[in-house]
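Remarks on the structure that follows.
The values are calculated or read from the model by the stated rules, or taken from the named source; none is laboratory data. Source: prediction; values computed, not measured. Here the Cβ positions follow ideal geometry from the backbone for every residue, glycine too, while neighbour counts run over all protein chains shown. Just the protein is used for accessible areas: all its heavy atoms, side chains included, with ligands, DNA and RNA removed. Shrake-Rupley method; radii C 1.70, N 1.55, O 1.52, S 1.80 Å.
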Amino acid sequence: MASNVSVVLGTQWGDEGKGKIVDLLAAKSDYVVRFHGGNNAGHTIVVNGKKYPLHLIPSGVLNPAAICVIANGVVVDLEVLTSEINMFLADGVKLTKRLFISDRCHLILPYHKALDIIFEKARGKNKLGTTARGIGPAYADKVSYNGIRIYELEDWELFKEKFKFQAKIKNEILKTFKVEPINVSKELKNLAKLREIILPYVTDTYQLLQKAVNQNQKILMEGAQAIMLDVDFSPYPFTTASNTIPGAINTGSGIQIQKVGDICGVVKAYTSRVGGGPFVTELTDKLGDEIREKGAEFGTTTGRPRRVGWLDLEAVKFACEISGATEAAITKIDILSGLKKIKVCIDYKLNGRPISYSSCGYEELAKLTPIYKEFAGWEEDITKIKKFKDLPKNCQTYIQFISDFLNVPVKIVSTGPAREEYIKL
Ligand code: GDP
Ligand code: IMO
Ligand code: MG
């Protein structure tokens, strides 16, 4: 029997255009599910000329028939979630009985954000460039038994006790770094308000999703960040705090791994990276600036300028291998229009010898020489093209090469930010 659970994942360093692809595929989905990460994600969807930057609510939200689930693997900042809920309610989007948040989700609390910032400051020139959203400290609390789950908001007296205990410990750390401690009573007042808004959406999403799986409902899992930021399989510590590979579907939602069928790897036609860490194909010259401007490569979450470079197929090949990608969606190919030459990294060399992405630590990655294949570019604006055969020949050659190199069929080519700007293959 064909599987009804599919997943969209980033194959690079994030911001590949996952939100856009999820919004597209959500039109045929009964459920869209976030299963890891938090509001470090910034997924943009553009519908009817309006741009929505989403951090926690799944990118299927503007498909009225799709139920949106924030499953247990996600760390939740109540403030961010509340403002997203309010944004959609103000737009007349119905969320009651459509948005469900797992009672098991761990909370990102004010002290997590403060700790994220001071840890980065303490690292000085070795800072990681986190999104400063408290993601690492919240996951650290989860696995060190210091976390507080969302369902604990139900018993307010008990919650207050737990919050006060944790804040006391964290304030000691903040004081050591000469940072203003958390104002416990002020924060609790704010949390009390947020709790009223969020609790009606909180439920046991494990049961909800098991039922959906058993009824053969179509479930789309929305990956955040990207394979190259996986906490285990990318060059630590330049990672995010969660696992981003498909294994996280099981731990982050309870959906059994053998239920997962299509695995769609989103590949941006070039590379961007925000934050620190090695970047083999980075363009630090004028061309890099041009691609950044044209591609509007500024963080959806932090507004930071993204580092940009050529497509690194050696790394993407590893991403497809480890994730078991069964198909690819190529995005932002329109941004390459007008370039005379386009380069793609097809191999790495370390001290003159070939080496694979997966065998490199970050120290090695920083020393690699990329081996490029060069392609002739195209001039035409391709944004409105609807058929692959109507794309400029050089653009077709570029896409075909990516597909052949990765040994993964390309199913979608995205040619612009708007929902309707894509080619189906
Ligand atoms: P995500 O984190 O993977 O969902 O990606 P982001 O939303 O952070 O960044 C992708 C940016 O590119 C957003 O501003 C999208 O609106 C935009 N985008 C997505 N697909 C395309 C495309 O094919 N062409 C262009 N020009 N922009 C795109
Ligand atoms: P989406 O889902 C791009 C990066 C940060 C930093 C590292 C660790 O929009 O693709 P964190 O705040 O997670 O502790 O930061 O991970 N990072 C992202 N980069 N897109 C994202 O999400 C990211 N989420 C985290 O910049 O380098
Ligand atoms: Mg993003």
Fill in the blank from the handout: Square roots of five times the C-alpha gyration tensor eigenvalues of the stretch 106-198, ordered largest first and given in whole Å, equal 24, 14, 12
Problem - Share of pairwise Cα separations in the stretch 45-91, more than 15 Å, in percent - result: 47 percent
Practice task
List the lysines whose Cα lies under 19 Å from the Cα of Lys162, skipping any in the same chain that are fewer than 8 positions away.
Solution key: Lys113, Lys142, Lys170, Lys186, Lys189, Lys193
Handout entry: Accessible surface of the stretch 241-381 [probe 1.4 Å, protein heavy atoms]: carbon and sulfur percent
Key = 49 percent
Problem - Per-residue ³J(HN,Hα) for the stretch 188-193, Karplus 6.51 cos²θ - 1.76 cosθ + 1.60, θ = phi - 60°, Hz, x for Gly and Pro - result: 5, 4, 5, 4, 4, 6
Exercise for the section: Would you mind working out the accessible area per residue for the stretch 327-413, using a 1.4 Å probe, and quoting it in Å²? Expected result: 52 Å²
Problem - Label-point gap, in nm, between Glu420 and Asp390 - each point 7 angstrom along Cα→Cβ - result: 1.2 nm
Fill in the blank from the handout: GNM on the chain, Cα springs under 10 Å; top mean-square fluctuation among Leu311, Leu339, Leu24 goes to Leu339
Fill in the blank from the handout: In whole µm²/s, the translational diffusion coefficient that Stokes-Einstein assigns to the chain, given a Kirkwood hydrodynamic radius over C-alpha pairs, 10 °C and 1.306 mPa s, equals 72 µm²/s
Completion exercise
Counting every C-alpha pair in the stretch 267-424, the percent lying more than 22 Å apart is 43 percent
Exercise for the section: Report the charge-dipole magnitude of the stretch 106-198 in Debye, nearest 20, computed about the Cα centre from +1 at each Lys and Arg Cβ and -1 at each Asp and Glu Cβ. Expected result: 480 debye
Exercise for the section: State the extension gain, in nm to one decimal, for the chain segment bounded by Glu290 and Thr383, taking 0.36 nm per residue of separation less the distance between their alpha-carbons. Expected result: 31.6 nm
Fill in the blank from the handout: Once both label points are put 7 Å beyond Cα along the C-beta direction, the Ala366-Glu154 separation in nm becomes 4.9 nm
Handout entry: For the stretch 53-66, 3J(HN,Hα) per residue [Karplus equation, 6.51 cos²θ - 1.76 cosθ + 1.60, θ = phi - 60°, Hz, x = Gly/Pro]
Key = x, 10, 10, 10, 5, x, 6, x, 4, 8, 9, x, 7, 8
Completion exercise
Output row, site Lys340, 7 Å Cα→C-beta label point, backbone N cut-off 14 Å, window the stretch 348-389, residues 375-379
Fill in the blank from the handout: So for R0 = 30 Å, FRET eff. of Leu199-Tyr145 from the Cβ-Cβ r, to 0.05, ends up at 0.80
Handout entry: Computed FRET value (nearest 0.05) for Ala122 with Lys50, which takes r as the C-beta separation and R₀ as 45 Å
Key = 0.65
Exercise for the section: For Lys349, go through the lysines and keep the ones whose alpha-carbon is under 30 Å away, minus same-chain ones fewer than eight residues off. Expected result: Lys125, Lys127, Lys268, Lys286, Lys317, Lys332, Lys340, Lys341, Lys367, Lys373
Practice task
Taking H placed 1.01 Å from N in the peptide plane, check which residues at least 5 places from Gly299 or on another chain put their amide H under 5 Å from its amide H.
Solution key: Arg304, Arg306
Exercise for the section: Specify the inter-centroid distance of the stretch 5-29 and the stretch 63-124, based on alpha-carbon positions, in whole Å. Expected result: 18 Å
Fill in the blank from the handout: Taking Cα atoms only, helix 313-323 is inclined relative to the longest principal axis of the chain by an angle, in degrees rounded to 10, of 50 degrees
Problem - Electrostatic dipole magnitude of the chain [Cβ: Lys, Arg +1; Asp, Glu -1; Cα centre; debye, to 20] - result: 380 debye
Problem - Interchain or long-range residues, amide H under 5 Å from Val202's placed H - result: Ile101
Handout entry: Dimensionless Rg over Rh [the stretch 1-132; C-alpha; Kirkwood]
Key = 1.00
Problem - Mean Cβ count within 10 Å, highest first, over the residues of peptides 278-288, 246-256, 264-274 - result: 264-274, 246-256, 278-288
Completion exercise
Non-local residues with an amide H under 5 Å from the amide H of Val75, with H modelled 1.01 Å from N and Pro and chain starts lacking one, are Gly37, Gly38
Handout entry: Expected 222 nm ellipticity per residue - DSSP helices of 4 or more, -39500 (n - 2.57), all of the chain, to 500
Key = -10000 deg cm²/dmol
Problem - Cut-off 12 Å (backbone N to label point 7 Å along Cα→Cβ of Ala65), residues of the stretch 1-28 - result: 26-28
